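A quick write-up on the structure given underneath.
The values are calculated or read from the model by the stated rules, or taken from the named source; none is laboratory data. None of the values given here were measured: they were computed from a predicted structure. Cβ placement follows ideal geometry from the backbone for every residue including glycine, while neighbour counts extend to all protein chains displayed.
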Amino acid sequence: MTPDAPGQPDTPPADPDEGAHRPAALAELLEVLDLKPLGEAHITVAGAEGDAESELGESEASVFVGQSQKQPHGRVFGGQVLAQSVIAAGRTVEGVGDAPRHIHSLHGYFVRPGDDNHPIRFAVERMRDGKSFSTRRVHAIQYGKPILSMITSFQEESEGMDHQDSMPAAPDPDHLSSAQELVEELGNPLAQGFARARPIDLRHVEGNIYFTPGRQRAARQSVWLKAIGSLPDDPLLHAAVLAYASDYSLLEPVLRRHGLVWSDPRLRPASLDHAMWFHRPARADEWVLYTQQSPSAQGGRGLATGSMFASDGRLVATVAQEGMLRLKES
């Protein structure tokens, strides 16, 4: 699950010809997020033998299956599994309650590396449907074992107190180079192919650290991001794509602080866990400023947090992740 490494998916685009003109990398992502239902299952939790109050109950689970994007290292990109799990959970919430329930948080652990050549099954347990909240547990499974375990929550729209951090100043994304433009200049076929395959346009405010360390060893950075083409008008899909994009660069403040780059052959990175809170609606095909910082790194692990702001200044999401960042001795 390394950094390098939708509601109703059948919802048609607002423009009937929009899908035909969608870039190939984004079309592939939408196909990966178009999970297929496999049916229903029952989960029974038994208690300790001899315990008079050991009946822990039975719950229903829906099972979906999806494919993976190919990665140079053969391991599934963690952001992809996050996004697919959001879709799977959201599918089981549709129709619950009197009004739509939108995702407001997810908490997941990457348990094992995934194989990008093998389908992933998503078992969604319906933990609770309350008056305004729905809770789901998702297991992403390959070869009979979980590769990701996530709990996520959905809520009907509600009135209440409202405040947020202010959006920091940043240069306009149109004045920054995209990752593809930067690697095209290098003439490296592998890097060029990787950049072209990305469905997300990433533009680093402080400059990327793919091949060259940052000028300042500061444990913070900002990145503009958005999908490389238009997306259907589906709030769940946009939340899933934001979750997908959130995993690309969040550990970079750790690397930046220590003068490291992604291309360092000694680096052994892997995402360990991921949490995300969705505060306000946002479109993933419009520019989002992703500000990131790392408060600590120790024991081969680095912690990073991030805030996502829509271009109009609204704080739309907060993200946290801890990753394994080891340096293998030569």
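Overview of results
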| read-out | value |
| --- | --- |
| Flag if A191 is at pLDDT below 90, farther than 23 Å from T291 by Cα and not in a loop (DSSP other than H, G, I, E, B) | yes |
| First in region 261-285 and closer than 13 Å to Y244 by Cβ, second anywhere and modelled with pLDDT under 95 and polar (S, T, N, Q), Cβ under 8 Å, 6 or more apart | S271/T2 |
| Verdict on A140 being closer than 16 Å to E156 by Cα and surrounded by 24 or more Cβ atoms within 10 Å (Cβ to Cβ) | no |
| All positions within region 263-290 that are under 24 Å from P173 (Cα atoms) and either touching an Asp or Glu at 6+ places or on another chain (Cβ under 9 Å) or in a loop (DSSP other than H, G, I, E, B) (or both) | H279, R280, P281, A282, R283, A284, D285, E286, W287 |
| Selection count, region 81-99, where residues are crowded, with 17+ Cβ neighbours inside 10 Å and part of a loop (DSSP other than H, G, I, E, B) | 2 |
